Amino acid sequence: MKTVLSVASEVAPLIKTGGLADVTGALPGAMRPEGWRLVTLLPGYPAVMKALKSPRVVRRERACFGGGAQVLAGRAAGLDLLVLDAPHLYERAGSIYLGPDGKDWPDNAERFAALSWVAARLAAEGFEDVKPQVLHAHDWQGGLAPVYLGAMKGGRDVGTLLTVHNIAFHGLAPASKLAALKLPKDGFTPDGFEYWGKISALKGGLIAADRISTVSPTYARELMTPEFGMGLDGVLRQRAGDLTGILNGIDEDLWNPAADPEIVPYRTPAGKAKNRRALLREFGLEDGAGPLCVVVSRLTEQKGLDLLLGALDVLAARGGRLALLGSGSPDLETAWREAAARLPGVAVRIGYDEALAHRMMGGADAILVPSRFEPCGLTQLYGLRYGAVPLVADTGGLADTVIDANAAAMAMGVATGVKFAPVEADPLRFALSRLCDLHADRKTFTTLQRNAMKQPVGWAASAPQYAALYDRIGGRV
Ligand code: ADP
């Protein structure tokens with residue numbers, strides 16, 4: 001079987017902070033029927049070390065970015081793994097990216113350069129009689145892998161793909177770290193991994209990888225514009241011919257309303273009623289005439305939830321309810337706590353809770369995703385599958401996965417949600433008001449829910465696209 005070495009900083013269900021983990025965790029299962037075996041290299045965080053079953057040592061590194069390390073092979077959660085066991089880099093309590101002060105770990109550049117460097121070594125030299133055809137790196141944490149690989153003996157036999165899950169994070173490091181990061185000095189130019197006097201792991205990968213992909217066709221186009229490219233749009237325009245957008249799928253076993261242990265299972269919109277009542281109870285909300293809306297999100301500028309705070313009166317006026325689960329920026333956490341204290345129709349849980357996220361999809365009439373940018377977005381896909389009608393900003397993957405309930409789409413029976421643009425307060429208010437209108441007509445709303453539940457949101461369409469890309473890239477061998 002053809003093999004891909006996938007390298008990522010998080011992989012669900014072992015370690016997750018966002019959608020990246022969902023995708024790196026689901027892709028191996030989705031690609032097996034396509035004839036590709038994915039082996040995933042990830043850092044030996046405590047949770048990963050604990051989960052790894054019967055590990056075998058496949059490689060030792062005496063000097064690995066500040067300490068000794070070894071690479072372990074084994075399985076966990078049904079995944080074939082290679083784990084970089086480097087206690088000086090990964091054996092830490094708390095967040096995988098942030099120290100106890102809430103700021104990036106000061107050695108994040110070294111931590112993920114080490115991961116990328118070991119990935120390149122494993123790709124170039126193989127492991128346990130396996131020689132991968134493709135090295136698939138994810139985001140800036142894997143960005144330097146194609147850079148290192150290009151400079152290694154045997155490296156040119158392996159094709160490389162870099163997937164951008166979010167262009168907002170570049171992995172910048174000061175130029176003084178060039179030697180510490182084992183980077184070639186001659187690559188530190190505007191045509192290489194230099195970015196305004198700093199080292200950019202993501203830019204390095206964008207230039208060095210054979211191919212680049214991102215997680216939706218619309219985001220692929222947006223990335224080439226100054227508005228969304230976050231300073232790398234020029235690089236992406238240069239590489240337009242090698243850039244593809246492939247939509248993320250969701251794990252249809254894990255997110256399945258007909259067999260979800262967190263809810264009373266259902267197959268039709270009517271089956272949501274019990275879960276809706278339970279959700280209202282869980283959040284201490286009284287029912288109203290309007291829709292029960294949910295948000296499950298990181299609380300950051302990207303997600304547009306500050307705009308939603310300013311539009312809550314629209315929901316309140318129509319008897320709508322809102323339950324929010326999220327964590328992130330302290331300012332937004334406080335603002336949402338205050339909104340919940342002020343408004344009887346709004347309830348908030350600050351924190352991260354997978355099981356609650358399932359119950360929210362099960363009980364909600366609608367899910368709100370007003371992101372300023374959204375590479376793909378997963379929660380609207382969960383919403384579709386669970387008949388929680390998505391109200392989304394018309395951007396990135398949200399634009400590609402939701403069909404607005406305009407008159408034509410309703411007449412054709414294909415509408416699945418509500419979209420708004422531009423991502424500003426007034427269009428969001430108008431969209432919420434439209435959602436309430438749609439909800440007020442029971443038949444219309446049930447049709448929307450049914451359409452949503454029918455929409456394919458798994459990997460069936462995307463897996464063959466990745467396979468075609470791997471075949472192309474791996475064909476160089
Ligand atoms: P991003 O990766 O930008 O955070 P995505 O929509 O692609 O956004 O993926 C977010 C993932 O994280 C989803 O699986 C979502 O359910 C989950 N998630 C986000 N916040 C929370 C939370 N507070 N509790 C539980 N799950 C969450």
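Across segment 269-454, Cα-Cα pairs farther apart than 29 Å form 10% of the total.
Loop-located trypsin sites (Lys or Arg not before Pro) in segment 402-477 (DSSP state not H, G, I, E or B) with no more than 13 neighbouring Cβ atoms inside 10 Å: Arg476. From most to least packed by mean Cβ count within 10 Å, the peptides 97-105, 179-187 give 179-187, 97-105. If you fit an axis through the alpha-carbon atoms of helix 273-282 and take the longest principal axis of the Cα set of the chain, what angle between them do you get, 0 to 90°, nearest 10? Result, in degrees: 80. Rolling a 1.4 Å probe over the protein heavy atoms leaves Leu438 with an accessible area of roughly 30 Å².
Less than 5 angstrom separates the built amide H of Thr244 from those of Ile212, Ser213, Thr214, all sequence-distant by 5 or more or on a different chain.
The C-alpha atoms of the chain define a longest principal axis, and helix 442-454 lies at about 20 degrees to it.
With a simple spin-label model that places each label point 7 Å from the Cα along the Cα-to-Cβ direction, the separation between Ala425 and Ala93 comes to 4.3 nm.
Annotation for segment 19-115: GluC sites (Glu not before Pro) lying in DSSP loop with at most 16 further Cβ atoms inside 10 Å of their Cβ are Glu91.
Taking every DSSP helix (H) stretch of at least 4 residues in the chain, weighting each as -39,500 (n - 2.57) and dividing the sum by the residue count yields a mean residue ellipticity at 222 nm of -10500 deg cm²/dmol. Taking a point 7 Å from the Cα of Ala289 along the Cα-to-Cβ direction, the residues of segment 322-344 with backbone N closer than 19 Å to it are 322, 344.
Take the Cα radius of gyration of the chain and divide it by 2.2 N^0.38 Å, with N its residue count; two decimals is plenty.
Numbers: Rg = 22.7 Å, N = 477, 2.2 N^0.38 = 22.9 Å.
That ratio works out to 0.99.
Accessible surface for the chain, divided over its residues, is 40 Å² per residue with a 1.4 Å probe. Axis of helix 462-474 versus longest Cα principal axis of the chain: the two differ by about 20°, to the nearest ten degrees.
Simple point charges give the picture: +1 on the Cβ of Lys and Arg, -1 on the Cβ of Asp and Glu, and for the chain a dipole about the Cα centre of about 860 debye. The Cα atoms of segment 58-170 cover 43, 31, 30 Å along the three principal axes, with the biggest extent listed first.
Between Ser54 and Glu128, the simple label model (points 7 Å from Cα in the Cβ direction) yields a spacing of 1.0 nm.
Out of every Cα-Cα pair in segment 1-119, what percent are more than 19 Å apart? Intermediate results must be reported in sequence, preceding the final value.
On the way: 3149 of 7021 pairs.
The share of Cα pairs beyond 19 Å in segment 1-119 comes to 45 percent.
For segment 280-324 and segment 1-80, what is the separation of their Cα centres, given in Å? With segment 280-324 and segment 1-80 each reduced to a Cα centre, they are spaced 37 Å. Ligands, DNA and RNA left out, the accessible area of the chain computed with a 1.4 Å probe is 54% carbon and sulfur. Only one residue of Ala409, Ser462, Pro370 has its Cα farthest out toward the positive end of the dipole of segment 347-477, where Lys and Arg carry +1 and Asp and Glu -1 on Cβ, and that residue is Ser462.
List, in the order given, every pair from Lys131/Lys203; Lys50/Lys419; Lys50/Lys454; Lys53/Lys272; Lys16/Lys443 whose Cα-Cα distance in the structure shown is over 31 Å.
On the way: Lys131/Lys203 27 Å; Lys50/Lys419 43 Å; Lys50/Lys454 39 Å; Lys53/Lys272 39 Å; Lys16/Lys443 39 Å.
In this structure, Lys50/Lys419; Lys50/Lys454; Lys53/Lys272; Lys16/Lys443 lie more than 31 Å apart at Cα.
The values are calculated or read from the model by the stated rules, or taken from the named source; none is laboratory data. No experiment lies behind these values; they were computed from the predicted model shown. Note that we place each Cβ from the backbone using ideal geometry, even for glycine, and neighbour counts take in every protein chain shown. Note: accessible area is taken over every heavy atom of the protein model, side chains too, but ligands, DNA and RNA are not part of it. Shrake-Rupley method; radii C 1.70, N 1.55, O 1.52, S 1.80 Å.
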